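*Asks:* Let me give you the structure first, and then I'll get to my questions.
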Amino acid sequence: MQMKSILVTGSSGLIGSEVVTYFHSRGLRVHGIDNNQRELFFGPQGSTRWSQQRLVESLPNFCHHEVDIRDRQGVLQLVRQLRPSGIVHTAAQPSHDRAAAIPFDDFDTNAVGTMNLLEAARQACPEAPFIHLSTNKVYGDRPNTIPLKELETRWEYDDPAFANGIPESFSIDQSKHSLFGASKVAGDIMVQEYGRYFGMPTCCLRGGCLTGPNHSGVELHGFLSYLVKCNLEERNYTVFGYKGKQVRDNIHSEDVARFIHAFYETPRCGEVYNLGGGKDNSCSILEAFDLAEKFTGKKQVYTYVDENRIGDHICYYSDLTKMKSHYPGWNIAKSLRQTVQEIVESWQKRLER
Ligand SMILES: NC(=O)c1ccc[n+]([C@@H]2O[C@H](COP(=O)([O-])OP(=O)(O)OC[C@H]3O[C@@H](n4cnc5c(N)ncnc54)[C@H](O)[C@@H]3O)[C@@H](O)[C@H]2O)c1
């Protein structure tokens, strides 16, 4: 009998590589699309070739395809040839701050690339679950309008309506998104539309901070991974505004892969989920310094710039209620402490090389 196959875009990246490994371990043949565009976005420090090599060397049923998702014909041809049983779309220009310098590359990748994949899926395998990695930046800076209280090391919501975090019903309209947020909104809405209009099993996962030991964190993307790297190398970490008390919820990429698998097994149509670590796995930058120091034994060197990043969230954590109610078998398995520990161990190994 032929093995079932799945297609993962951005397969060398943080989430893509985790998803590749996860589905491979469940007996599927996994096809990955990645062209190391991340190196072009962020320079050599952002390269994901090391991760691609790791996958190719360790997974016998993994096949790498050097395809650019902006190449409409190339994508269509590959999806027609493979007719996968599912598509997990993680390839993206992922940085809020980088987008303004490369607006066309950003939009062509995040919006048009997503459209290329959706249409290829509709033509070749409309019954295959299509799981799209979206972002909490689709909410723009609207979360900053929620009343906040200032605690010793973090900001916190001062409105009981958000005691569990931001739900999917939060408006994505009429706020400042950054060009990245706007290109991701375009992709997000199109993924929902292919679900609602064509009845395809699609979903958007609006990520908080997705992280883990396989992240190639850089200053402009992947704060926890980059922060740990700075700590280990005793390099300066720059904090941008909000007194370093800005809050992010962090989810281990393995927990992300487990949710993706749950959706693949029992898909729904045109769904949206806020995917993050939730309140329990949230921390401020100051609290993250503290955690990193505990595992590395090194004091974090940092400077403070009294100007926040444009449109940056002051406090954001995801309300996981909908995810848990649709998929009761899924929960966060990795605590924030465990995640930071794994990131520290991974950087220690990578920096030794
Ligand atoms: N990491 C986070 O904190 C986070 C948070 C919210 C949402 N997300 C979303 O999750 C998804 C995955 O993020 P990640 O952290 O794994 O990103 P990543 O940068 O680690 O991985 C993305 C991969 O896609 C590849 N890629 C980019 N453009 C491509 C193109 N045109 N053609 C082929 N390959 C291309 C890159 O080379 C890279 O290996 C993205 O959609 C991102 O917006 C991530």
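The values are calculated or read from the model by the stated rules, or taken from the named source; none is laboratory data. Everything numeric in this text was worked out from a predicted model, so none of it was measured. Cβ atoms come from the backbone with ideal geometry, glycine included; neighbour counts cover every protein chain shown. These area figures cover heavy atoms from the full protein model, side chains too; ligands, DNA and RNA do not enter into them. Shrake-Rupley method; radii C 1.70, N 1.55, O 1.52, S 1.80 Å.
*Asks:* Just to be sure, is SER178 away from the ligand (no atom under 14 Å from the Cβ) and surrounded by fewer than 23 Cβ atoms within 10 Å (Cβ to Cβ)? Step through it out loud before you land on a result.
*Replies:* Numbers: away from the ligand (no atom under 14 Å from the Cβ): no; surrounded by fewer than 23 Cβ atoms within 10 Å (Cβ to Cβ): yes.
Spelling it out, it is not the case that SER178 is away from the ligand (no atom under 14 Å from the Cβ) and surrounded by fewer than 23 Cβ atoms within 10 Å (Cβ to Cβ).
*Asks:* Just need a number here: residues in region 39-48 that are near the ligand (Cβ under 9 Å from one of its atoms) and either of a type in the set (D, E, K, R) or over 10 Å from SER17 (Cβ atoms) (or both).
*Replies:* Going residue by residue through region 39-48, those that are near the ligand (Cβ under 9 Å from one of its atoms) are 39-42, 46-48.
This time we only want the ones that are either of a type in the set (D, E, K, R) or over 10 Å from SER17 (Cβ atoms) (or both), so: 39-42, 46-47.
Count: 6.
*Asks:* For region 158-171, state whether one or more residues are without any contact (Cβ under 8 Å) to a residue 12 or more places away in the chain, away from the ligand (no atom under 16 Å from the Cβ), within 13 Å of VAL272 (Cβ to Cβ) and not aromatic (Phe, Trp, Tyr).
*Replies:* Yes, region 158-171 contains at least one residue that is without any contact (Cβ under 8 Å) to a residue 12 or more places away in the chain, away from the ligand (no atom under 16 Å from the Cβ), within 13 Å of VAL272 (Cβ to Cβ) and not aromatic (Phe, Trp, Tyr).
*Asks:* Here are some residues: ARG337, ARG350. Which one is out of contact with any helix residue (DSSP H, G or I) (no Cβ under 6 Å at 6 or more places or on another chain) and open to solvent by less than 70 Å² (accessible area, probe 1.4 Å)? It would help to see each step written out before you state the result.
*Replies:* Details: ARG337 fails: open to solvent by less than 70 Å² (accessible area, probe 1.4 Å).
Result of the check over ARG337, ARG350: ARG350.
*Asks:* Find the residue count for region 10-32, including only residues that are open to solvent by less than 10 Å² (accessible area, probe 1.4 Å), outside any helix (DSSP H, G or I) and near the ligand (Cβ under 6 Å from one of its atoms). Spell out the reasoning first.
*Replies:* Narrowing region 10-32 to residues open to solvent by less than 10 Å² (accessible area, probe 1.4 Å): 10-12, 16-17, 19-20, 23, 30, 32.
Then drop every residue that is not outside any helix (DSSP H, G or I), which leaves 10-12, 30, 32.
So of that shortlist, the ones also near the ligand (Cβ under 6 Å from one of its atoms) come out as 10, 12.
The total comes to 2.
*Asks:* Enumerate the pairs (first residue in region 192-203 and at pLDDT below 95; second residue anywhere and exposed (fewer than 14 other Cβ atoms within 10 Å of the Cβ)) with beta-carbon separation below 7 Å, excluding pairs fewer than 6 apart on the same chain, so at least 6 apart or on different chains.
*Replies:* From region 192-203, no pairs qualify.
*Asks:* Which condition breaks for ASN36 when tested against (1) more than 11 Å from the ligand (Cβ to nearest atom); (2) in contact with a helix residue (DSSP H, G or I) (Cβ under 9 Å, 6 or more places away or on another chain)?
*Replies:* Only one criterion in (1) more than 11 Å from the ligand (Cβ to nearest atom); (2) in contact with a helix residue (DSSP H, G or I) (Cβ under 9 Å, 6 or more places away or on another chain) is unmet by ASN36, namely (1).
*Asks:* I would also like to ask the following. Which condition number in (1) near the ligand (Cβ under 10 Å from one of its atoms); (2) open to solvent by 40 Å² or more (accessible area, probe 1.4 Å) is the one that SER51 fails?
*Replies:* Condition not satisfied by SER51: (2).
*Asks:* Do we have TYR302 as touching a strand residue (DSSP E or B) at 6+ places or on another chain (Cβ under 7 Å), open to solvent by 40 Å² or more (accessible area, probe 1.4 Å) and of a type outside the set (Gly, Ala, Ser) here? Show your work before the answer.
*Replies:* Details: touching a strand residue (DSSP E or B) at 6+ places or on another chain (Cβ under 7 Å): yes; open to solvent by 40 Å² or more (accessible area, probe 1.4 Å): yes; of a type outside the set (Gly, Ala, Ser): yes.
So TYR302 fits the description; yes.
*Asks:* List every residue pair whose Cβ atoms sit under 9 Å apart, with the two residues 6 or more apart in sequence or on different chains, where the first one lies in region 234-252 and is among the aromatic types (Phe, Trp, Tyr) and the second, anywhere, is assigned to a strand (DSSP E or B).
*Replies:* TYR237/TYR302; TYR237/THR303; PHE240/TYR304; PHE240/VAL305; TYR242/TRP155; TYR242/SER284; TYR242/CYS315
*Asks:* Kindly indicate whether GLU66 is at pLDDT 95 or above, surrounded by fewer than 16 Cβ atoms within 10 Å (Cβ to Cβ) and either over 23 Å from VAL218 (Cβ atoms) or in contact with a strand residue (DSSP E or B) (Cβ under 7 Å, 6 or more places away or on another chain) (or both).
*Replies:* Values: at pLDDT 95 or above: yes; surrounded by fewer than 16 Cβ atoms within 10 Å (Cβ to Cβ): yes; either over 23 Å from VAL218 (Cβ atoms) or in contact with a strand residue (DSSP E or B) (Cβ under 7 Å, 6 or more places away or on another chain) (or both): no.
Judged against the criteria, GLU66 is not a match.
*Asks:* Something else about it: Which members of region 153-176 meet the condition of being of a type in the set (A, V, I, L, M, F, W, C) and part of a loop (DSSP other than H, G, I, E, B)? It would help to see each step written out before you state the result.
*Replies:* Quick first cut of region 153-176, residues of a type in the set (A, V, I, L, M, F, W, C) only: 155, 161-163, 166, 170, 172.
If the condition is that a residue be of a type in the set (A, V, I, L, M, F, W, C) and part of a loop (DSSP other than H, G, I, E, B), then ALA163, PHE170, ILE172 are the ones that fit.
*Asks:* Which pairs turn up if I take residues in region 92-118 that are within 22 Å of ASP312 (Cβ to Cβ) and acidic (Asp, Glu) and look for partners that are more than 10 Å from the ligand (Cβ to nearest atom) and open to solvent by less than 10 Å² (accessible area, probe 1.4 Å) with beta carbon separation below 6 Å, at least 6 apart in sequence or on another chain?
*Replies:* Going by the 6 Å Cβ cut-off, the qualifying pairs are ASP106/ALA99.
Here is a yes/no grid of residues against (1) open to solvent by 10 Å² or more (accessible area, probe 1.4 Å); (2) acidic (Asp, Glu); (3) in contact with a helix residue (DSSP H, G or I) (Cβ under 6 Å, 6 or more places away or on another chain):
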{"site": "CYS204", "(1), (2), (3)": "no, no, yes"}
{"site": "GLY208", "(1), (2), (3)": "yes, no, yes"}
{"site": "LEU227", "(1), (2), (3)": "no, no, yes"}
{"site": "LEU232", "(1), (2), (3)": "yes, no, yes"}
{"site": "GLY270", "(1), (2), (3)": "no, no, yes"}
{"site": "ASP280", "(1), (2), (3)": "yes, yes, no"}
{"site": "LEU291", "(1), (2), (3)": "yes, no, yes"}
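*Asks:* Return the residues of region 283-310 that are of a type in the set (Gly, Ala, Ser) and assigned to a loop (DSSP other than H, G, I, E, B); say none if nothing qualifies.
*Replies:* Narrowing region 283-310 to residues of a type in the set (Gly, Ala, Ser): 284, 288, 292, 297.
Result: GLY297, single match.
*Asks:* Within region 184-196, identify whether any single residue is at positive phi and within 16 Å of the ligand (Cβ to nearest atom), and answer yes or no. Show your work before the answer.
*Replies:* Residues of region 184-196 at positive phi: none.
No, every residue in region 184-196 fails to be at positive phi and within 16 Å of the ligand (Cβ to nearest atom).
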